[in-house]
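Let me begin by presenting the structure, written as structure tokens, before commenting on it.
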Amino acid sequence: MTAGSGSGRGVRRKVDDLGRIVIPASMRRVLGIIEGDELEVRLAGDTVSLAKPRTTCTFCDSPDDLSEVLNRPVCWSCVAAVRARGREGR
Ligand SMILES: [Zn+2]
């Protein structure tokens, strides 16, 4: 039998009467989660996952070099691509 390091094994936490569980401090530290942060809760099969919502480009999902266009995050290279296309169209 192996000790099963890594995937599969998690920390056990009890759910309280309001359905809350405590995320271990060590995990919060790794992800930089602090009080008041929002987390995305997802259900996949019988697994509930918590993730830090990431802002990514509306078009290509890149998390880098984002700027806002019409209140949506768009990365620099998509902004450049849209601009180039606009110029071609005329
Ligand atoms: Zn993009």
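The values are calculated or read from the model by the stated rules, or taken from the named source; none is laboratory data. Just so it is clear, the model here is predicted, and its values are computed rather than measured. Cβ placement follows ideal geometry from the backbone for every residue including glycine, while neighbour counts extend to all protein chains displayed. Note: areas computed on protein heavy atoms with side chains; ligands, DNA, RNA excluded. Shrake-Rupley method; radii C 1.70, N 1.55, O 1.52, S 1.80 Å.
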- Item | Cβ-derived FRET efficiency at R0 25 Å, residue 85 paired with residue 38, nearest 0.05 | 0.15
- Acute angle (nearest 10 degrees) that the helix 76-88 long axis makes with the longest principal axis of the chain, alpha-carbon atoms: 30
- Item | Paramagnetic reach from residue 48 in the range 12-26 [backbone N under 18 Å; point 7 Å along Cα→Cβ] | 12-25
- Task: In whole Hz, with x marking every Gly and Pro, tabulate ³J(HN,Hα) for the range 27-33 from phi via Karplus 6.51 cos²θ - 1.76 cosθ + 1.60, θ = phi - 60°.
- Result: 6, 4, 5, 4, 8, x, 8
- Item | Mean accessible surface per residue for the range 1-81, computed with a 1.4 Å probe while every protein chain stays in place, in Å² | 90
- Message: Students often check this: by mean Cβ neighbours within 10 Å, which of 58-66, 20-28 ranks highest, and how do the rest follow?
- Response: 58-66, 20-28
- Taking the simple approach of a point 7 Å from Cα along Cα-to-Cβ for both residue 11 and residue 61, what is their distance in nm? 2.9
